[in-house]
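Novice: Below you will find the structure I want to go over with you.
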Amino acid sequence: MRDNDFIKRKDGKRYLIFIGILIAIIAYYRPILAVFSAVALIYLIYKYVVDINNMEKEWTRYIEGLTEEFDSVTKHAVFNMPFPLVMLNPDYTISWYNTQFSQMLEEEDILNKKIDTLMPELNIEDLIKDKDKLYITTKYKDQYYKVYYNIVDSNKSITKKDNTIVLYWINDTEYVNLQKEFMDKKIAVCVAYIDNYDEVKSSTSEVNRPLVFAEIDKTINAFATSNEGLVRKYESDKYIIVMESRFLREIQKKRFEILDEIREIDKGNDIKVTLSMGVGINGKNPIENYEYARAAVDIALGRGGDQVVVKDGNNLSFYGGKSKAVEKRNKVKSRVIAHALVQLIDQADEVFVMGHKNADMDSFGAAIGIVNAARNRGKDGYIILKDINPSIKSIYNRIIEEDPEYVENIITPEEAEEMIYDSSLLVLVDNHKPSFTEAPELLNLTDKIVVIDHHRRGAEFIEDSVLTYLEPYASSTCELVTEVLYYMQDKLKMKKYEADALLAGITVDTKNFTFKTGVRTFEAASILKRAGADTFNVRQLFRDEHSIFIQKAEVIRGSKIIFDKIAIGRLNINDENSILIAAQSANELLNIRGIEASFVLTPVGDKIHISGRSLGNISVQLILEKLGGGGHLTSAGVQVEGKTIEEAEEMLKEAIEEYLREGEE
């Protein structure tokens with residue numbers, strides 16, 4: 001209708017203009033006739049204007065009628081909506097609500113009250129600020145709602161006083177409950193291993209042995225049945241348990257009390273029994289959950305056992321792991337690893353060895369040991385090193401002094417990138433995290449990767465290695481490498497500086513044979529001693545400059561004690577010695593009476609490095625893992641990015657508090 005009127009108006013104008021032109025022509029030839037024609041034109045113009053005005057009035061009346069009709073329909077729809085609806089002013093005070101909304105709140109006098117005081121759980125700010133969010137889910141009393149919103153304003157702005165925010169409430173309780181029931185009934189698969197089955201068996205008398213293992217079975221069966229689970233023992237020391245996820249959540253809240261129950265078994269066994277468990281949840285099917293559980297229990301064992309690892313997709317959660325890894329006296333694994341490493345070296349064209357960033361004496365000493373193995377098999381061996389830091393400078397200078405040609409075996413990551421091929425063997429020592437290696441990009445150049453490490457396994461791990469030797473019970477990687485070298489050769493062929501480097505690595509990580517020192521540690525030291533290691537020469541490697549003593553003294557003087565047993569210090573220098581001095585200072589702080597763990601923070605470039613040390617009762621590994629670091633029970637570290645030293649210290653304190661709180665639960 002409106003379009004037709006518009007066409008008529010345009011045509012009328014054209015006709016009038018055309019008539020005007022004709023009158024002008026007539027006036028030229030017949031002036032008198034033109035006068036009468038002009039009068040007629042004036043009348044037509046008048047008539048045209050009157051008709052146009054009438055049409056406008058008629059259109060206005062039509063629009064007003066339509067608006068009133070639409071308003072009536074809208075009001076009827078709003079007033080009779082079957083779900084709760086509320087209108088808010090820009091300050092979130094209630095300006096209008098329907099009956100369903102008042103029934104939902106079970107209150108009558110709510111007009112002009114702020115909705116966030118009536119419903120503190122409702123976060124309107126987040127809903128309105130996020131333009132892509134259509135609704136938010138909120139809980140009120142025992143009901144769940146999807147809350148949709150609309151801003152009644154032509155400019156869609158909530159800053160003007162005449163705006164109205166309309167919230168629509170859709171009851172979503174049934175769907176949420178169904179979703180919860182679905183998640184509760186999802187299957188969780190647990191794989192449990194007795195960590196020290198052989199050790200417990202050999203150390204327990206034949207009379208008590210059946211009692212011990214019967215008690216283990218009884219405890220694990222009780223754990224499964226109390227959680228409505230199914231348990232099957234498929235080997236003498238291995239179990240599989242299947243349960244619903246709802247029970248697993250309760251077990252997680254109690255932090256897997258079965259670890260303590262197994263550890264407390266006392267039926268004549270001289271060694272405490274420990275359990276490792278892997279749990280797989282939220283896989284596509286039970287088979288994938290089982291695969292998750294197998295991967296998780298491998299991680300638990302790699303971290304030293306006596307703990308549970310829950311694998312939910314790519315997310316890992318850790319429970320337990322606060323006890324020391326028990327030394328395994330059986331050396332079968334060392335012999336097997338040695339035999340496998342011989343074959344891998346023989347098959348490779350050359351051998352490359354890489355430690356972790358900021359190499360220390362254990363990392364560098366182990367690398368020297370692997371190069372020795374390669375040389376003895378007639379292969380070229382290379383150590384990949386970015387720079388010579390203060391931690392290894394003394395042994396490096398000693399090697400170059402005694403064997404100047406050895407410098408050709410120490411190469412940079414850039415040089416290694418040009419030399420590594422598919423046929424090369426890459427051995428990682430004293431580290432199993434790809435991101436913490438000297439050059440992570442080198443891991444993609446060959447499929448033949450060997451991992452030798454003594455740190456507890458973290459969430460990040462090199463999954464596709466051809467050989468992995470991860471033993472958290474060991475004092476150091478140098479201890480593991482020494483054992484492997486011993487079984488690789490009929491007679492150990494080693495230069496004195498190589499033996500000294502390996503012994504120095506053991507000495508550093510055991511803090512002069514006082515921490516994590518087992519029978520096999522001393523056996524490794526005796527092997528190196530027979531190979532030519534000199535304890536006096538090793539001791540000379542650890543002598544410090546006078547300035548370093550002063551800096552360590554400053555750290556100790558400025559340290560503070562929290563929770564009566566943990567010392568925290570700061571080293572406020574940023575140079576190449578920072579990490580070394582921080583680690584040494586943390587060791588020194590443990591000499592204070594009553595101190596069970598210590599941490600020292602220091603800036604390193606644009607990061608904050610934290611060194612953690614412990615006497616064994618507190619796991620510095622678990623504390624620093626909360627900040628993204630790692631290590632083992634008595635020695636760990638982390639580098640925090642984007643924080644000041646003050647902020648990093650606050651993060652550390654929060655992690656310590658959380659760790660201690662978990663221990664109390």
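Novice: From the list G594, G569, exactly one residue is under 30 Å from E658 (Cβ atoms), assigned to a loop (DSSP other than H, G, I, E, B), small (G, A, S) and not assigned by TED's automatic domain parsing to the domain that holds P472. Which is it?
Specialist: Testing whether each residue is under 30 Å from E658 (Cβ atoms), assigned to a loop (DSSP other than H, G, I, E, B), small (G, A, S) and not assigned by TED's automatic domain parsing to the domain that holds P472 leaves just G594.
Novice: So, one more: Specify the residue that is surrounded by the most Cβ atoms within 10 Å (Cβ to Cβ); the eligible residues are those in the range 553-582 that are of a type in the set (K, R) and more than 16 Å from K607 (Cα to Cα).
Specialist: This residue is K565.
Novice: Could you tell me whether any residue of the range 428-436 is modelled with pLDDT of 95 or more and either of a type in the set (D, E) or buried (at least 19 other Cβ atoms within 10 Å of the Cβ) (or both)?
Specialist: Within the range 428-436, one or more residues are modelled with pLDDT of 95 or more and either of a type in the set (D, E) or buried (at least 19 other Cβ atoms within 10 Å of the Cβ) (or both).
Novice: Residue by residue through the range 375-418, note down the ones that are in a helix (DSSP H, G or I) and either among the basic types (K, R) or at positive phi (or both).
Specialist: Of everything in the range 375-418, those that are in a helix (DSSP H, G or I) and either among the basic types (K, R) or at positive phi (or both) turn out to be R375, K393, R398.
Novice: Next up: Could you please let me know if L652 is in contact with a strand residue (DSSP E or B) (Cβ under 8 Å, 6 or more places away or on another chain), assigned to a helix (DSSP H, G or I) and within 15 Å of F436 (Cβ to Cβ)?
Specialist: In short, no.
Novice: Looking only at the range 601-621, how many residues end up being of a type outside the set (D, E, K, R) and over 21 Å from the mean Cα position of the chain (by Cα)?
Specialist: Within the range 601-621, residues that are of a type outside the set (D, E, K, R) and over 21 Å from the mean Cα position of the chain (by Cα) number 10.
Novice: Please enumerate the residues belonging to the range 536-551 that are of a type outside the set (A, V, I, L, M), under 11 Å from I573 (Cβ atoms) and in contact with a helix residue (DSSP H, G or I) (Cβ under 9 Å, 6 or more places away or on another chain).
Specialist: Q551
Novice: Continuing with the same structure: When you scan the range 597-634, how many residues do you find that are of a type in the set (D, E, K, R) and outside any strand (DSSP E or B)?
Specialist: 3
Novice: Taking L480 as meeting all but one of (1) in a loop (DSSP other than H, G, I, E, B); (2) of a type in the set (A, V, I, L, M, F, W, C); (3) touching a Phe, Trp or Tyr at 6+ places or on another chain (Cβ under 7 Å), write down the number of the exception.
Specialist: In the conditions (1) in a loop (DSSP other than H, G, I, E, B); (2) of a type in the set (A, V, I, L, M, F, W, C); (3) touching a Phe, Trp or Tyr at 6+ places or on another chain (Cβ under 7 Å), L480 misses (1) alone.
Novice: Related question: Going through the range 183-236 one residue at a time, which ones are aromatic (F, W, Y) and surrounded by fewer than 15 Cβ atoms within 10 Å (Cβ to Cβ)?
Specialist: Y234
Novice: While we're looking at this one, here's another question. Only one of Y497, Y486, Y473 is more than 29 Å from V309 (Cβ to Cβ), aromatic (F, W, Y) and in contact with an Asp or Glu (Cβ under 6 Å, 6 or more places away or on another chain). Can you tell me which?
Specialist: Y497
Novice: Another question about this same structure. Go through the range 420-471 and count every residue that is part of a loop (DSSP other than H, G, I, E, B), under 20 Å from E625 (Cα atoms) and of a type outside the set (D, E, K, R).
Specialist: Residues in the range 420-471 being part of a loop (DSSP other than H, G, I, E, B), under 20 Å from E625 (Cα atoms) and of a type outside the set (D, E, K, R): 8 in total.
Novice: Here are T477, T510, T521, T482: which of them is closer than 29 Å to E401 by Cβ and touching a Lys or Arg at 6+ places or on another chain (Cβ under 7 Å)?
Specialist: None of the other options fit; the residue is T510.
Novice: Taking the condition in contact with a Phe, Trp or Tyr (Cβ under 7 Å, 6 or more places away or on another chain), surrounded by fewer than 24 Cβ atoms within 10 Å (Cβ to Cβ), not assigned by TED's automatic domain parsing to the domain that holds S619 and not basic (K, R), does G283 pass?
Specialist: yes
Novice: Taking only pairs six or more apart or across chains, which ones have beta-carbon atoms under 7 Å, a first residue in the range 490-515 that is assigned to a helix (DSSP H, G or I), and a second residue that is among the basic types (K, R) and surrounded by fewer than 24 Cβ atoms within 10 Å (Cβ to Cβ)?
Specialist: What qualifies is Y497/R398.
Novice: Still on this model: Any idea which residue in the range 502-552 is surrounded by the fewest Cβ atoms within 10 Å (Cβ to Cβ), counting only those that are among the polar types (S, T, N, Q) and under 17 Å from Q584 (Cβ atoms)?
Specialist: Looking at residues that are among the polar types (S, T, N, Q) and under 17 Å from Q584 (Cβ atoms), I get T514.
Novice: Among the candidates V342, V371, V336, single out the residue that is out of contact with any Leu (no Cβ under 8 Å at 6 or more places or on another chain), part of a helix (DSSP H, G or I) and modelled with pLDDT under 90.
Specialist: Answer to the check: V336.
Novice: Then there is this: Exactly one of these conditions fails for K324: (1) at pLDDT below 95; (2) over 30 Å from K516 (Cβ atoms). Give me its number.
Specialist: Answer for K324: the failing condition is (2).
Novice: Would you point out which residue out of D362, D306, D298 is touching a Cys at 6+ places or on another chain (Cβ under 6 Å), of a type in the set (D, E, K, R) and crowded, with 16+ Cβ neighbours inside 10 Å?
Specialist: Answer to the check: D362.
Novice: Quick check on the range 197-204. Is at least one of its residues in contact (Cβ under 8 Å) with a residue 24 or more places away in the chain, in the same structural domain as Y140 (by TED's automatic domain parsing) and not in a helix (DSSP H, G or I)?
Specialist: The answer is no; no qualifying residue exists.
Novice: Could I ask something else about it? Taking I579 as the residue in question, decide whether it is in the same structural domain as G605 (by TED's automatic domain parsing) and not in a helix (DSSP H, G or I).
Specialist: Here the answer is no, as I579 does not meet what is asked.
Novice: Go over the candidates I110, I94 one by one and state the one that is in the same structural domain as V176 (by TED's automatic domain parsing) and either acidic (D, E) or at pLDDT below 80 (or both).
Specialist: On inspection, the qualifying residue turns out to be I110.
The values are calculated or read from the model by the stated rules, or taken from the named source; none is laboratory data. This structure is a prediction, so every number in the text was calculated from the model and none was measured. Don't worry about glycine lacking a Cβ; one is built from the backbone with ideal geometry, like all the others, and counts go over all protein chains shown.
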